[in-house]
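Since the structure comes first, as structure tokens, the remarks are kept for the end.
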Amino acid sequence: MTPLLGVASSHCLRDCAQEAHSGALSPTGQVRMSQPERRSSSTAAPARDASERQPPKKDVELVLVKEQNGVQYTSSHLLEPRSPRYSPGAAESQRETWGKKIDFLLSVIGFSVDLANVWRFPYLCYKNGGGAFLIPYTLFLIIAGMPLFYMELALGQYNREGAATVWKICPLFKGTGYAVILIALYVGFYYNVIIAWSLYYLFSSFTLGELPWTRCDHPWNSVNCTDPRLVNMSVFASGTSYSKYKITPAAEFYERRILHLHESHGIGDLGFPRWELLLCLLLVMIIVFFSLWKGVKTSGKVVWITATLPYVVLSVLLIRGLTLPGALDGIKAYLNIDFRRLKEATVWIDAATQIFYSLGAGFGVLIAFASYNQFDNNCYRDALLTSTVNCCTSFISGFAIFSILGYMAHKSKVKIQDVATEGPGLVFIIYPEAISTLKGSTFWAVVFFIMLLTLGIDSAMGGMEAIITGLADDFHILKKHRKLFTFGVAFITFLGALFCITNGGIYVLTLLDTFAAGTSILFAVLMEAIGVAWFYGVDRFSEDIQQMMGFKPGLYWRLCWKFVSPAFLLFVVIVSIVNFKPLTYDNYVFPSWADSIGWGIALSSMILVPAYLLYKLLNTRGSFKQRLAYCITPENEHHLVAQGNVRQFKLQHWLSI
């Protein structure tokens with residue numbers, strides 16, 4: 001609080017009240033004197049020579065401090081000239097910031113570079129024409145991925161708010177913020193379980209003998225377990241790829257030892273949580289909690305390990321993989337260019353969805369991270385750098401993956417296509433099986449699962465930070481008790497994840513992975529793009545960026561934000577709905593009621609957008625036109641609505657770029 005300088009007269013207070021009602025209050029609730037008043041109030045200043053250069057005029061800030069015994073005390077001081085819209089209050093000026101710029105960059109890279117970069121992109125590239133797949137992938141990166149990435153970083157940095165309260169720029173869309181927060185919570189329910197699997201594999205790798213997924217003589221193995229080293233691959237049924245066989249030691253370790261899938265008959269038969277996975281999940285949540293409980297000051301230091309270590313491990317695995325027999329064949333298959341595949345719509349659809357999910361736009365994480373930046377940080381350069389690093393990581397990881405797959409195919413005397421797969425089957429079955437045949441297999445297994453663990457941890461941290469920042473900025477009591485709130489979010493996530501570590505937990509995980517962050521997140525980001533580019537306005541958003549960095553975004557970025565990105569997102573939303581098929585896991589077909597639950601989960605987040613829209617319109621006073629005007633006008637410009645000056649009611653607003 002500023003020192004008390006004196007007692008304001010009743011005339012001054014009355015004038016201030018009149019100015020407050022006429023819209024002269026600043027966005028922070030502070031009364032500013034008009035230019036004539038400032039000139040008349042300068043008579044107490046020392047006289048200056050007429051030829052002397054006049055300094056820039058400053059506002060006088062008059063702050064009502066308190067009222068005591070009928071006397072109202074005020075404080076006033078000079079304000080530096082500043083922009084008309086960015087006017088942080090006292091609370092915002094004290095907002096926590098990153099310790100170093102590199103903390104922010106590593107956090108963004110750590111979040112966006114996750115398990116999908118390793119287990120999904122390489123396979124998509126291989127099956128969609130090899131090097132030819134890079135054409136649609138790069139195109140969508142440039143016209144949609146980077147613009148969305150840039151938009152979210154700039155949005156969070158300028159407004160210094162989380163995913164919900166950032167919509168003070170257009171209150172009607174605040175439900176979009178709540179939707180992405182709920183989606184981030186859903187993702188935490190199953191994503192942390194995958195990290196727990198990695199931790200279990202890591203602990204299992206510490207052995208002096210053979211790795212536990214090497215032979216068939218363990219208690220969890222079935223009578224049908226077949227060691228591929230002891231038989232010819234011709235004994236397996238023709239027409240089925242090697243990656244689909246569930247009777248190898250590696251496959252049985254994953255499905256029978258880790259998942260206990262053989263003890264469940266489907267999603268209606270879950271059973272109880274497995275204590276081994278429960279302990280691993282608990283350890284994961286403890287790590288995430290203590291990484292976040294003190295804010296970005298601590299999480300920014302954790303990512304120095306979790307975001308950089310995967311690159312060290314990936315480099316080591318790549319060098320080792322290139323020395324193995326058959327590695328060259330695997331890389332040739334990975335990069336084999338087949339331009340004919342570009343005629344197929346599925347190739348373009350895969351490229352579009354992959355670039356969207358790979359960059360991680362829409363989960364509220366980028367907005368939350370950027371909100372802790374310095375106001376003048378160059379988020380444009382950050383967006384280009386981090387999104388490029390993400391995509392390059394995906395491409396390079398393909399060499400580490402397919403060099404090992406080439407070796408696997410060579411050793412098993414099968415084709416590359418028989419061992420190539422994606423998802424958990426790649427990183428928890430095929431890759432561990434290949435590692436088990438190497439000299440020093442224990443070391444390579446430990447290294448590989450440490451990489452998976454660190455890839456997952458910082459992505460899980462990002463998702464939870466989006467929830468914490470988004471709600472704490474909206475409900476300040478949560479911000480005052482951040483540690484307790486962080487514990488609460490971690491505990492709720494832990495409870496939700498328990499369903500995924502039961503005997504039938506893989507079915508719950510598959511259902512959440514398909515519905516929780518499928519069409520719903522695409523819809524939420526579509527609403528976000530429309531809210532920023534059309535209702536708030538690309539021109540106004542560009543002016544915000546100019547205030548931060550000193551230059552306006554080029555015409556290319558403005559066109560992408562207004563037209564290309566919304567069209568891209570609308571296309572992906574429609575495709576996700578049209579291409580929906582009844583849910584399956586291997587040969588198990590989910591019952592129809594499970595699909596209904598899945599769509600219910602998806603709609604539970606999407607419904608928040610129209611629900612909040614109706615809530616806001618109904619709780620705003622005035623005629624329908626006045627209500628709409630207040631709901632689509634930034635909160636710090638509501639005084640213009642009272643004056644009848646509504647920018648969005650003018651055609652120029654919708655045509656401007």
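What the table shows:
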| item | result |
| --- | --- |
| Thr306 closer than 30 Å to Arg257 by Cα and in the same structural domain as Gly440 (by TED's automatic domain parsing) | yes |
| Residue that is surrounded by the fewest Cβ atoms within 10 Å (Cβ to Cβ), among those in the range 627-657 that are within 30 Å of the chain's Cα centre (by Cα) and part of a loop (DSSP other than H, G, I, E, B) | Ile657 |
| When residues of the range 357-369 are limited to those that are touching a Phe, Trp or Tyr at 6+ places or on another chain (Cβ under 8 Å) and at negative phi, the one surrounded by the fewest Cβ atoms within 10 Å (Cβ to Cβ) | Ser358 |
| Qualifying positions in the range 195-224 - touching a Phe, Trp or Tyr at 6+ places or on another chain (Cβ under 8 Å), of a type in the set (A, V, I, L, M, F, W, C) and closer than 20 Å to His262 by Cα | Trp197, Trp213, Trp220 |
| Count of the range 447-504 residues which are out of contact with any helix residue (DSSP H, G or I) (no Cβ under 7 Å at 6 or more places or on another chain), in a helix (DSSP H, G or I) and within 30 Å of Thr207 (Cβ to Cβ) | 1 |
| Test: residue in the range 206-213 that is within 25 Å of Gln417 (Cα to Cα), out of contact with any strand residue (DSSP E or B) (no Cβ under 9 Å at 6 or more places or on another chain) and part of a helix (DSSP H, G or I) | no |
| Residues within the range 328-340 that are touching a Leu at 6+ places or on another chain (Cβ under 9 Å) and either buried (at least 22 other Cβ atoms within 10 Å of the Cβ) or more than 30 Å from Ala434 (Cα to Cα) (or both), tallied | 2 |
| The range 548-570 residues that are in contact (Cβ under 8 Å) with a residue 40 or more places away in the chain, paired with ones that are of a type in the set (S, T, N, Q) and part of a helix (DSSP H, G or I) (beta carbon under 9 Å, 6 or more apart) | Met548/Gln157; Pro553/Ser542; Pro553/Gln546; Trp557/Ser542; Arg558/Ser542; Trp561/Ser542 |
| Qualifying residue in the range 405-412 (condition: assigned to a helix (DSSP H, G or I), in the same structural domain as Pro122 (by TED's automatic domain parsing), under 19 Å from Phe449 (Cβ atoms) and of a type in the set (Ser, Thr, Tyr)) | yes |
| Identity of the residue in the range 552-594, part of a loop (DSSP other than H, G, I, E, B) and surrounded by 17 or more Cβ atoms within 10 Å (Cβ to Cβ), that ends up nearest to the chain's Cα centre (by Cα) | Pro553 |
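Conditions tested, residue by residue: (1) touching a residue at least 24 places away in the same chain (Cβ under 8 Å); (2) outside the structural domain of Phe541 (by TED's automatic domain parsing); (3) touching a helix residue (DSSP H, G or I) at 6+ places or on another chain (Cβ under 7 Å); (4) within 24 Å of Gly188 (Cβ to Cβ).
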| site | (1), (2), (3), (4) |
| --- | --- |
| Leu583 | yes, no, yes, yes |
| Val589 | no, no, no, no |
| Ala594 | yes, no, yes, yes |
| Ile632 | yes, yes, yes, no |
| Gly644 | no, yes, no, no |
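The values are calculated or read from the model by the stated rules, or taken from the named source; none is laboratory data. Keep in mind that this is a model prediction, so the values were computed, not measured. Cβ: placed from backbone, ideal geometry, glycine included. Neighbour counts: every protein chain shown.
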